[in-house]
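Structure record follows, encoded as structure tokens.
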Amino acid sequence: RYGRDVPENTSATHPLALAPVTAPESSADAFVADFLHSLNFDRGVALSASSANDRYFALAHTVRDYLMARWLEDLRRQKQSQSKGVCYLSAEYLLGRQLDNNLLAGGLADIAEEALASCGISLDDLRQHEVEPGLGNGGLGRLAACFIDSLATLGVPSIGYGIRYEYGIFRQTFVEGQQVEQPDSWLSLGSPWEFARPEDAQTIAFGGRTETYDDEGVTRSRWVPGWNVQAVPYNYMVPGFQNGRVNTLRLWSAVATNAFDLRIFNSGDYEEAVRAQTFAENISKVLYPEDSTPQGKELRLQQQYFFVAASIHDFLDNMLAEGFDLSALPDRVIFQLNDTHPVIAVPEFMRVLVDEKKMEWDAAWAITRQCFAYTCHTLLPEALEVWPVDLLGRLLPRHLEIIYRINEEFLDAVRARYGDDEMRIRNMSIIAEHPVRSVRMAYLATVAGARVNGVAELHSQLLRDKVLGDFDDFFPEKFTNVTNGVTPRRFLRLANPELSGLITEAIGDGWLTDLERLRELEPFAEDSGFRAAFGEVKAANKRRLHEVLRARDGFEVSDGHLLDVMVKRLHEYKRQMLKVLHVVSTYEGVVSGRVPAAEVQPRTVIFGAKAAPGYTMAKRIIHLINAVGSVVNSDPRLDGRLTVIFPPNYDVTLAERVIPAADLSEQISLAGKEASGTGNMKFALNGALTIGTDDGANVEIRELVGDENFFLFGMSEPEVSESAARGYRPSEFYQEDAGLRAAIDLIASGAFSRGDRSVFEPIVSNLLYEDRFMVLADYASYIAAQERVDDAYADQEAWTRSAILNVARTGFFSSDRSIRDYIDRIWHTPPLA
Ligand code: 8GP
């Protein structure tokens, strides 16, 4: 098992060096031997002296050893086969913990558990030791992580490229109910899953100027950069589910270049040298904690260019065969752009083809237009990224020239089609003139991409109709939909082992890679024995969540409550505020004496949400939720029938505990604002019923599970548009609805802020006088839907039947299906033989 190589690539003669790399034997004894070897020889400790971190590392290294032969084989195959593959470019990967996923994929969970037990170690203790890599903000980053899992499971030749942030999404704490951010130093104890490859580093240039020169009679442009950094890759294994495939995730880390340092060191300016080093290494220092709104910071553009330039060069240098004919690139690769963050890859690719490979512009553009595809993840106009040309031109002067030329030729084509329709030309230009001259990255991606997709049916339709309407008219064939999905391995099998066991007992385990087979569960909804078992699993998951929350945050959760969960980033469009109004209105009903406490359906409402650190209103809403929770939870008049808990630092690890326990999934965004949602899918697959608007993928969930198994409320997207066009006046709803008025008045009265009316005044006035996301307009309908929830929950048999049907009918939302759709509609990549 040591140091062996592929025979044709080595001049070694020793038989050990010539035999193929093999995995260790699949037995607990072999696992123990490997584990102890790693503990002793990698960590340098004896078992008796080892820390939990030593053991976790040794375990991780042992798991890696089992996957290594497959990985080396796949790396070799992907390079050798030269068939078309996917480069997934994403600034975020919200991976979650790796240990369990890799144990499951490798089929090693039982062996590892037995092996560790025989060494007196509990696998569960070591699990708890893992710090999740939080290299993403929310849905977009978690989607990327689900996609690389499915790509590996489907055996698609592919590589994920991104950034190895030294600090991931901040750790959220609450101080007097208010969010305080702490740095997420996820690497402080090291990461056992990564392989640094400094020998594969790329030099990434920035700044400087451009010039033209005479190249044997041809005038060409070139970039004379001002400074550069090293991009050092770290490789991570991405194992497919028990299929012998292991793909690669390659994340780049910034390091100051030697030349850069030395020059300054030699001049004797030590401080300046250190400053320069810090400047360079800042590029991969921290994830921008923004969700759904872009952050127009120079450092962020540096991050974006840094990782896509490194990735493109890595692909061209290391993945193509000797003497590869670049005009064949479209048959060899598709770069999938995960939102606009990686779109600067387009001019970089053109620069390489035209300036470095000396290709004709038109030929290079024809290739580029086939090698990129763009996924849009939003509908909020303010979330569409733009870069001021001043900044872009300073940082990437040659790229700005290339963008100008792409735009010029594109607008010529628009003129040729529509004549001198200046309004249309201004609207479609990649360059916006107001308020400052800027590059519209979504437009650049749309012009350059072979395909543009939204992430749910409704979203893709609204993209075509509204956000990119002129482009749809111009390039109708470009637009398509790929509804998001989630990996059933992590979000059902690992997160909910008891339900997985029950499903497998009923229909076999084929669902793990063919989630549509959950359909076979439908008849079991009518089986009272199965319903009882299903109900017992839900109860067990609730007990497990209670233990987690008690240990993690000291929360006590009562039995017998309906578990009502709203977990997602805090954003006004997602309308956590509507959920708060529901809680306050239930509370107000009881304390005002209108509703006897005994008539309140016992509920525990769980919130989980991080707010972007600069998003003041979102932070106020967090404060309000905590304030309402502390009053409601301690008011004896409620008789313990309403509890609000808000565990801080909602992350993938907590999601895996909360989702399987939920009865009710809150998906209550204003229609037309949530592109898709993916939490909505995870809840339904785990047997929660959804209360939701007709938004994002909720629409498809409802169609699949049936109206009778879904609590629909609120305006539809066309109704929202109409209401906005008529002129929306939220205060009218306040005036006309006594229940709403009482709830808002209670917040305004200072009841949740020790009598201080000023604390939540900005929230109240925003609701009454602006309410951009129409919380008040949907309030009555939401409360009515919650009453239907209470009634339905009273009939546990019927509720469980609906929950089972939710599981049985949501197999469509596997990320395996999403990836198949990408293959059919966008990538056209054959599976690797
Ligand atoms: C999110 C969408 O808000 C969510 O509905 C969707 O499920 C998820 O992407 C995955 O597709 N969008 C974003 O996080 C987003 O748009 N971020 C970029 C604008 C910065």
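The values are calculated or read from the model by the stated rules, or taken from the named source; none is laboratory data. All figures in this text were calculated on a predicted structure; none of them were measured in a lab. So basically every Cβ, Gly included, is an ideal-geometry build from the backbone, and we count neighbours across all protein chains shown.
Miscellaneous remarks
- Apart from one condition, Leu89 fits all of (1) under 27 Å from Gln182 (Cα atoms); (2) within 16 Å of the ligand (Cβ to nearest atom); the exception is (1).
Residue-by-condition table, conditions (1) over 19 Å from Leu140 (Cα atoms); (2) more than 16 Å from the ligand (Cβ to nearest atom); (3) surrounded by 21 or more Cβ atoms within 10 Å (Cβ to Cβ):
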| position | (1), (2), (3) |
| --- | --- |
| Asp635 | yes, yes, no |
| Gly640 | yes, yes, no |
| Val644 | yes, yes, yes |
| Ala662 | yes, yes, yes |
| Gly677 | no, no, yes |
| Lys682 | no, no, yes |
| Leu685 | yes, no, yes |
| Thr693 | yes, no, yes |
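- Count of the stretch 568-586 residues, restricted to those that are of a type in the set (Ser, Thr, Tyr) and within 16 Å of the ligand (Cβ to nearest atom), is 1.
- Checking the stretch 256-270 against the condition returns no match, with no residue being among the hydroxyl-bearing types (Ser, Thr, Tyr), out of contact with any Asp or Glu (no Cβ under 7 Å at 6 or more places or on another chain) and at pLDDT 95 or above.
- In the stretch 96-169, counting only helices (runs of 4 or more DSSP H) that sit wholly within it, the ones holding 2 or more residues that are more than 16 Å from the ligand (Cβ to nearest atom), in contact with a helix residue (DSSP H, G or I) (Cβ under 6 Å, 6 or more places away or on another chain) and outside the structural domain of Val652 (by TED's automatic domain parsing) span 99-105, 109-118, 123-129.
- Subset tally (residues that are more than 15 Å from the ligand (Cβ to nearest atom) and not aliphatic (A, V, I, L, M)) for the stretch 379-389: 1
- Restricting Leu59, Leu36 to residues that are in a helix (DSSP H, G or I), modelled with pLDDT of 95 or more and within 29 Å of Ile169 (Cβ to Cβ) narrows the list to Leu59.
- Among residues of the stretch 630-658 that are assigned by TED's automatic domain parsing to the domain that holds Leu562, those with a Cβ under 6 angstrom from a residue that is β-branched (Val, Ile, Thr) and assigned to a loop (DSSP other than H, G, I, E, B), sequence gap 6+ or separate chain, pair up as Arg641/Val600.
- All positions within the stretch 351-378 that are of a type in the set (A, V, I, L, M, F, W, C) and away from the ligand (no atom under 16 Å from the Cβ): Val352, Leu353, Val354, Met359, Trp361, Ala363, Ala364, Trp365, Ala366, Ile367, Cys371, Phe372
- Residue that is more than 23 Å from the chain's Cα centre (by Cα), surrounded by fewer than 20 Cβ atoms within 10 Å (Cβ to Cβ) and among the aliphatic types (A, V, I, L, M), where the choices are Met423, Met428: Met423
- Test: residue in the stretch 199-208 that is under 29 Å from Arg76 (Cα atoms) and of a type in the set (Asp, Glu): yes
- Residue within the stretch 394-403 that is in contact (Cβ under 8 Å) with a residue 60 or more places away in the chain, within 16 Å of the ligand (Cβ to nearest atom) and crowded, with 17+ Cβ neighbours inside 10 Å present: no
- Hits in the stretch 646-660 (condition: within 16 Å of the ligand (Cβ to nearest atom) and either buried (at least 24 other Cβ atoms within 10 Å of the Cβ) or not in a loop (DSSP other than H, G, I, E, B) (or both)): Val652, Ala655, Ile659
- The set of residues from the stretch 127-173 being in contact (Cβ under 8 Å) with a residue 60 or more places away in the chain and basic (Lys, Arg) comprises Arg142, Arg164, Arg171.
- Whenever a residue of the stretch 263-282 is within 25 Å of Arg300 (Cα to Cα), its partners that are modelled with pLDDT of 80 or more and in a helix (DSSP H, G or I), lying with C-beta atoms within less than 7 angstrom and at least six residues away or across chains, give the pairs Asn282/Leu299.
- Qualifying residue in the stretch 329-340 (condition: surrounded by fewer than 17 Cβ atoms within 10 Å (Cβ to Cβ), of a type outside the set (Lys, Arg), within 16 Å of the ligand (Cβ to nearest atom) and under 21 Å from the mean Cα position of the chain (by Cα)): no
- Those helices (runs of 4 or more DSSP H) lying entirely in the stretch 684-752 with at least 2 residues over 25 Å from Pro762 (Cβ atoms): 698-705, 717-726
Matching residues to (1) more than 16 Å from the ligand (Cβ to nearest atom); (2) part of a helix (DSSP H, G or I):
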site	(1), (2)
Leu444	no, yes
Leu463	no, yes
Lys466	no, yes
Thr480	no, no
Phe491	no, yes
Leu502	yes, yes
Ala533	yes, yes
Val548	yes, yes
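- Of all residues in the stretch 451-465, none that is assigned by TED's automatic domain parsing to the domain that holds Ala671 has its Cβ atom under 6 Å from the Cβ atom of a residue that is of a type in the set (Ser, Thr, Tyr) and more than 10 Å from the ligand (Cβ to nearest atom), 6 or more apart or on another chain.
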